[in-house]
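Working notes for the structure below.
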Amino acid sequence: MQLRYNFRLYPHPGQRIALAQAFGCARVVFNDALTVRRLAFENGLPFVSDGDLSKLVITAAKNTPERVWLGEVSAVVLQQALADCATAYRNFFASVTGRRKGPKISPPRYRSRRDNRQAIRFTRNARFAVTAGGELRLPKIGDVPVRWSRPLPAEPSSVTVIKDAAGRYFASFVVGTDPGVIEDLDLSGPLNTEIGIDLGLTHFVVLSDGTKVSSPRFFRRAQKRLRKAQRDLSRKAKGSKNRAKAVRKVARQHARTADARREFHHQLSTQIIRDNQAVYVEDLAINGLARTRLAKSVHDAGWSAFVDMLEYKAARYGRYFGKIGRFEPTSQVCSTCGVKDGPKPLNIREWACPACGTVLDRDVNASNNILAAGRADRLNACGGPVRPGVIPAQPVEPGSHRDDRARQPARSVVGIPGL
């Protein structure tokens, strides 16, 4: 299993200039490689291989007056930019041919210096290292101070230096290790507990044991400050330094909101995985919900990120994670007796089952049905019975009258009268 560990970087002014130069060189190499392959396609020439592309846009380009400054940054950064271009093309071809699942991917586009996110990657060939003083040593950049929130569990295979829209720098380490040995997690609780999770907007999650966690609504709470920052930005002249400051102010506010939401997801997902042996959720059509009048609230909740955290943490700590189908009628079936009484409008939050009389809470009832459906799918996957049991035949054949059936002569099969 490969995991990423992100840490905040605090480069000095000179190191920021060197990083900006490295970002620019990687962007130019990527755009040059993209231009070469587009021209080859337009002229009917064969697809340019990665080796020929490296010789053309890196080795030969360094000897030209227009690209001589490519030699001032690490060669690994330039090679990784070519690798990103090759990966983008592979994903595009796999999407066109149907080998890649999900929505269709467009062809690679040119990178811009105005992109909100700039990144470069160093592999082990670049010989990056963590110094004894806790700084990150990068080739041709220097020793960059790092704010370590936790130690790395193993030797990283690569590190990506990222600059986001708010002007912050991060180091993202890729660490490969076995599941369950990354860090200690208190798994001393009962191992036979299972939970069903119903995701919502008023309550972010409702568990099958009756626990309800209210939705923090981070974007809604920050909307007033965001509106004010965006209004100030609209009044600044384009190209001015004040406008650049206003842009960073808006980006910092968005980053603060996203960080708070991510922290909430991490804490809640870790608690659920720690306390339960099996976790079941519903496979929601989030892309469809994001096109409705509830789009802002759906994006503010961040269901996809939360479910992804549950999935990888379950695999990491040896828990079971399951998804039930999105067409499962979780809000139409009584979790007590199993009677299906049809769909209900969203304003009905409680009702009494017409069959057994149980008063049901809409969200708790849905989470219990998710738990039951997840258990059934897990039983089937582990060798349980897939088809229902044998049902006795009806005494009267459907569609025929008893008198007509009695007048018909008995048929024989394989010489046995009456069969």
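The values are calculated or read from the model by the stated rules, or taken from the named source; none is laboratory data. Since this is a predicted model, take the numbers as computed values, not measurements. Cβ placement follows ideal geometry from the backbone for every residue including glycine, while neighbour counts extend to all protein chains displayed. Accessible surface is based on the protein model in full, side chains and every heavy atom, while ligands, DNA and RNA are left aside. Shrake-Rupley method; radii C 1.70, N 1.55, O 1.52, S 1.80 Å.
Quick look at the values:
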read-out	value
Summed side-chain charge close to Arg326 - residues other than Arg326 whose Cβ falls under 11 Å, Lys, Arg +1, Asp, Glu -1	-2
Within the chain, helix-based [θ] at 222 nm, where runs of 4 or more DSSP H residues each add -39,500 (n - 2.57), nearest 500	-13000 deg cm²/dmol
Residue-count net charge about Arg349 - beta-carbon cut-off 9 Å; Lys, Arg +1, Asp, Glu -1	-2
Largest-first principal axis extents of the Cα set of the stretch 213-278 (Å)	57, 19, 11
Karplus (6.51, -1.76, 1.60) ³J(HN,Hα), θ = phi - 60°, over the stretch 46-52, in Hz, Gly and Pro reported as x	x, 5, 6, 6, 5, x, 5
Rg(Cα) / (2.2 N^0.38 Å) computed for the stretch 262-357, rounded to two decimals	1.29
Alpha-carbon spread of the chain, three principal axes, descending order, Å	102, 56, 48
Placed amide H near Tyr169: partners under 5 Å, 5+ positions off or other chain	Leu9
Where labels lie 7 Å past Cα in the beta-carbon direction, separation of Ala86 and Arg221 in nm	4.7 nm
Orientation-averaged projected area, Cα convex hull of the stretch 1-112 (nm²)	9.8 nm²
Amide H contacts under 5 Å for Val144, placed H, 5+ residues apart	Leu136, Arg137, Leu138
Geometric extent, Cα atoms of the stretch 196-310 - Rg, Dmax (angstrom)	17.4, 57
Cβ-placed point charges (K, R +1; D, E -1), dipole of the stretch 203-297 about Cα centre in debye, nearest 20	1480 debye
In order through the stretch 87-104: 3J(HN,Hα) via Karplus (6.51 cos²θ - 1.76 cosθ + 1.60), integer Hz, x for Gly, Pro	5, 4, 5, 4, 5, 5, 5, 5, 6, 5, 7, x, 6, 9, 7, x, x, 5
Cα-based reach from Lys296 at 26 Å (exclusive), listing lysines while leaving out same-chain residues under 8 positions away	Lys104, Lys212, Lys224, Lys228, Lys249, Lys323, Lys344
Cα→Cβ-extended label distance, 7 Å offset, between Ala94 and Arg117, nm	1.8 nm
Using alpha-carbon coordinates, inclination of helix 13-42 to the longest axis of the chain, degrees	70 degrees
5 Å-binned pair-distance histogram of the stretch 79-158 (Cα, whole percent)	3, 11, 15, 17, 14, 14, 11, 10, 4, 1, 0
Carbon/sulfur fraction of accessible area - the chain, other protein chains in place, 1.4 Å, %	53 percent
Residue among Leu136, Leu346, Leu289 with the largest mean-square fluctuation in a Gaussian network model of the chain, springs linking Cα atoms under 10 Å	Leu346
Added length on full extension, which subtracts the Cα-Cα distance from 0.36 nm per residue, Gln271 to Arg38	79.0 nm
Residues of the stretch 1-143: accessible area per residue with a 1.4 Å probe, Å²	61 Å²
With Cα atoms, 0 to 90° folded angle of helix 218-234 axis to the chain main axis	40 degrees
Between helix 362-381 and the chain: long-axis angle, C-alpha atoms, 0 to 90°, nearest 10	90 degrees
Radius ratio Rg over Rh of the stretch 48-119, counting only Cα atoms, Kirkwood formula for Rh	1.05
Probe 1.4 Å, accessible area per residue of the stretch 192-338, Å²	55 Å²
Amide hydrogen neighbours beyond the local backbone of Phe321, cut-off 5 Å, H modeled	Val279
Value of D in µm² per second that Stokes-Einstein yields for the stretch 301-371, Kirkwood Rh from Cα pairs, at 20 °C (1.002 mPa s)	155 µm²/s
In Å, descending, principal axis extents of the Cα set of the stretch 1-65	47, 41, 18
The stretch 102-237 - convex hull of alpha carbons, volume per residue in Å³	269 Å³
